[in-house]
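Q: Let me begin by handing over the structure; questions about it come next.
The values are calculated or read from the model by the stated rules, or taken from the named source; none is laboratory data. Everything quoted here is computed from the prediction, not taken from an experiment. Quick reminder, even Gly has a Cβ in these numbers, built from the backbone with ideal geometry, and neighbours come from all protein chains shown. Just so you know, the surface numbers come from the protein's heavy atoms only, side chains and all, with ligands and any DNA or RNA stripped out. Shrake-Rupley method; radii C 1.70, N 1.55, O 1.52, S 1.80 Å.
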Amino acid sequence: MGSPKKDQNKGFFSAMTSGLSLFGNAMHRSVNGLLGYEGVEVINPEGGKEDAEEEAHRGRWKQEERESYWKMMHKYIGSDVTSMVTLPVLIFEPMTMLQKMAELMEYSYLLDQADECEDPYLRLVYASSWAISVYYAYQRTWKPFNPIIGETYEMVNHGRITFISEQVSHHPPMSAGHAENEHFTYDVTSKLKTKFLGNSLDVYPVGRTRVTLKRDGVILDLVPPPTKVNNLIFGRTWVDSPGEMIMTNLTTGDKVVLYFQPCGWFGAGRYEVDGYVYNAAEEPKILMTGKWNESMSYQPCDMEGEPLQGTELKEVWHVADAPKNDKFQFTNFAHKINSFDTAPKKLLASDSRLRPDRFALEKGDLSKAGSEKSRLEERQRAEKRTREAKGHQFTPRWFDLTDEMSATPWGDLEIYCFNGKYTEHRATVDSSDGIDEVDMASIEFNPWQYGNLSTE
């Protein structure tokens with residue numbers, strides 16, 4: 001079993017990739033020599049042929065900022081920098097990791113279709129296309145804010161979904177999320193792990209993602225590929241996610257294996273995704289091909305993985321139009337996530353939309369964003385000292401820590417489960433009469449008032 005081989009006539013993997021990759025490696029070494037920094041790679045993913053030294057000095061950083069940041073960061077090469085380094089707000093986007101988790105819901109209609117589908121293999125086509133769809137948004141090169149412990153994000157008014165995520169741990173940083181409509185439930189525990197490599201950052205998605213399709217009770221498990229952020233300091237910053245994505249039907253044993261092609265020099269292979277849906281006996285049933293920034297298509301195949309005669313390639317997902325020249329490369333859905341249009345009635349004061357640093361950055365006030373970020377981080381440290389002095393520990397409000405440990409390709413993971421209290425909370429609020437209309441933007445951000453404190 002594995003991913004399909006590329007055939008130029010069928011639109012699969014390019015035979016040129018290996019040769020271009022070797023050429024690209026030589027160019028990397030050349031640019032490294034120009035810069036004088038070990039471990040620093042500079043790549044132009046758009047295929048430009050500018051002088052290597054000129055390309056190395058492109059990007060969002062001013063020359064003095066690059067040199068200062070490099071002096072600060074080079075000592076962390078090889079380390080996990082998920083929460084150990086204080087970063088300048090100029091590299092942030094006005095969104096938190098909790099909100100970014102909700103971006104996976106943009107094309108949730110694909111999960112609705114998976115639930116309605118009677119064909120077990122086509123069901124995986126819909127579900128895996130949903131998992132791929134978020135990568136268009138994930139190619140943004142700005143860093144989201146790390147959530148404060150106890151911080152939440154709520155979303156309604158999209159696909160009849162109720163979504164809630166919560167920062168359940170600060171060290172290590174962990175988030176949990178739950179979404180639900182009449183067709184599916186979505187549950188995730190996320191603990192990102194990173195490795196700083198100088199001018200790039202490897203991001204390992206340590207986590208567990210489960211989708212339950214309600215009609216038949218089918219449970220789908222998703223293991224995404226790792227992500228690499230290239231040219232953090234020198235050159236044009238860009239994101240790639242080379243490797244395999246595997247979605248397994250835990251109920252039947254069927255699975256889909258999709259290969260994200262790595263980007264070669266001059267952009268060869270960038271965005272390409274190819275693979276197969278397999279039955280429980282690991283026999284290919286449907287081939288899938290496309291680009292994660294554009295569309296995905298599928299076609300029934302034979303036991304050798306070749307398209308069946310009399311069938312044709314059909315598109316299952318196409319990316320929605322995005323705003324032109326958006327400052328933060330936001331999609332229309334990302335703007336929707338940040339707005340109060342998707343906020344429920346009586347929004348929790350712990351919601352990410354209310355963070356003053358996020359809001360200041362959205363308005364373009366970097367100075368205020370930086371000072372508010374520092375203030376929130378110091379408040380979080382002070383709250384922790386107070387808890388420890390009193391012998392208390394933080395307990396999330398909407399998710400419970402279980403005894404279950406999940407093995408991932410990048411380490412074991414403690415699992416948090418949705419405890420149902422948010423559903424009860426929303427039912428109570430939504431059924432209440434006479435709730436005064438308030439200006440949500442005027443609510444003071446306060447994630448600490450909701451976390452439960454218990455004596456150890």
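Q: Taking 30 Å as R0, compute the FRET efficiency from the Cβ-Cβ separation of residue 309 and residue 281 and round it to 0.05.
A: With a Förster radius of 30 Å, E is 0.85.
Q: Hey, if we sort 258, 201 by accessible area with the 1.4 Å probe, largest down, what's the order?
A: 201, 258
Q: Test of understanding: extend the Cα→C-beta vector of residue 138 to 7 Å, then name every residue of the range 291-324 with backbone N under 18 Å from that spot.
A: 291-297, 317-320
Q: I need the peptides 295-306, 268-279 ranked by packing, meaning the mean over residues of other C-beta atoms within 10 angstrom, with the highest value on top.
A: My ranking of the peptides, most packed first, is 268-279, 295-306.
Q: Using the structure shown, select from 195/346; 214/421; 195/363; 193/255; 143/421 the pairs with a Cα to Cα distance greater than 29 angstrom.
A: 195/346; 195/363; 143/421
Q: Probe 1.4 Å, all protein chains in place: accessible area of residue 171 in Å², nearest 10?
A: 110 Å²
Q: Taking 7 Å along the Cα-to-C-beta vector as the label spot, tell me the residue 444-residue 250 distance in nanometres, rounded to one decimal.
A: It is 4.2 nm.
Q: Another question, if that's okay. Given H placed 1.01 Å from N in the peptide plane, which residues other than close sequence neighbours of residue 316 have an amide H under 5 Å from its amide H?
A: 296, 297, 298
Q: Oh, and also: Pop a pseudo-label 7 angstrom from the Cα along the beta-carbon direction at both residue 390 and residue 430 and give the gap in nm to one decimal.
A: Between residue 390 and residue 430, the label points sit 3.3 nm apart.
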